[in-house]
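Before any comments, here is the structure.
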Amino acid sequence: MRKITVPSVLILILIIGGCTTTSKVTVAPAPTTDAIDAGKILTAAFQQKAAEYRALCYQAYNSAYRSLDIFLQERTSKPPAIMTDIDETVLDNSPYQVHQSLQGKDFEQESWFEWTSRAEADTVPGAVAFFNYAASKGVTIFYVTNREERERAATLINLKKYGFPNADNAHLKLKTTTSSKVPRRDSIAATYNILMFVGDNLNDMDGGFEKKSTEARFRETNNHFSDFGNRFIVLPNPSYGEWENAIYKYNFSLTPAQKDSVYRSILKNY
Ligand SMILES: [Mg+2]
């Protein structure tokens, strides 16, 4: 996260506005703090306003259709299932990102609970159609998320609002004792043949990505080269994820200024 001054914020808003319209630019009221997180405003703008973001989501789900059709030709003794993440995979939480950034704040658990309790998240492009297609082919969908028990009711309301299949208590696997999805995956795999994993975080696909360094995550990604677009369907999320945690070496107590220093020390420059 970078702290920038108000004039810089106005320049950023002008740049974003200038990219999306040729009409007169309307400048938003200046924020009450100069601690706006400009990086996360830009990534939220990408998620909400870039046709390229939508195209990447379609690309991911188009791969999912092709893989599913191939996998369904293989008969197995267990019924077929798909394990999918929720946030930034089927539901779009970019308004939360904007809300926090404009107050100069990063993720906070309590404000996140307030956001999810509204059940107002829109869908990730392509998600509703794909999961309904899979359900129509007899595939059971499991929503494996690190949302918590207190978010259960609102999460189901949000999913049902858009007609996601299997949006019920039996198929919503929330975080309990661990954020790792491996135990939940294993429990589903005891009775189902999990055909594919869908998510914006590689931890949604395989435990080998969890709590690893950036370099180790790259190595693991290379090891799974042929899985991407096949068993592993990855959605874009430039705003947050294990990739960001790895950069900070999982030190969640860093201040915005300290995070800024980390970026300055590790990124390629010339
Ligand atoms: Mg996610």
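Here is how the numbers come out for the structure above:
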| item | result |
| --- | --- |
| Share, in percent, of DSSP beta bridges within the chain that are antiparallel, nearest 5 | 15 |
| When each of K78/K175; K175/K268; K49/K259; K40/K160 is checked by Cα-Cα distance, pairs over 31 Å | K175/K268 |
| Contour excess over end-to-end distance, with Cα ends at Y263 and T176 and 0.36 nm allotted per residue | 28.1 nm |
| DSSP H segments from the chain that extend 18 Å or more along their own axis, Cα-based, with Kyte-Doolittle mean of 0.5 or above | 6-20 |
| Separation of alpha-carbon centers, region 94-142 and region 197-270, rounded to whole Å | 20 |
| Most to least accessible of R264, R54, R75 (protein chains only, probe 1.4 Å) | R75, R264, R54 |
| Efficiency of FRET from Cβ geometry, F218 and S187, R₀ 30 Å, rounded to 0.05 | 0.50 |
| Eligible lysines near K212 by straight Cα distance, threshold 17 Å, same-chain separation 8 or greater | K181, K249 |
| Whole-number D in µm² s⁻¹ for the chain, Kirkwood Cα-pair radius fed into Stokes-Einstein, 10 °C, 1.306 mPa s | 80 |
| Sequence of F228, F164, F107 when ordered by accessible area, the most exposed leading, probe 1.4 angstrom | F107, F228, F164 |
| Region 170-254: GluC sites (Glu not before Pro) falling in loop per DSSP and having at most 14 other Cβ within 10 Å | none |
| Net length gained if the chain between E244 and R150 were fully extended (0.36 nm per residue, minus Cα distance) | 31.3 nm |
| Extension gain from Y133 to E74, taking 0.36 nm per residue of separation minus the Cα-Cα distance | 19.5 nm |
| Peptides ranked, highest mean first, by Cβ atoms within 10 Å: ranges 112-123, 198-209 | 198-209, 112-123 |
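The values are calculated or read from the model by the stated rules, or taken from the named source; none is laboratory data. No experiment lies behind these values; they were computed from the predicted model shown. Note: ideal-geometry Cβ built from the backbone for every residue, glycine included; neighbour counts use all protein chains shown. What goes into the accessible areas is simple: the full protein's heavy atoms, side chains included, and nothing from ligands, DNA or RNA. Shrake-Rupley method; radii C 1.70, N 1.55, O 1.52, S 1.80 Å.
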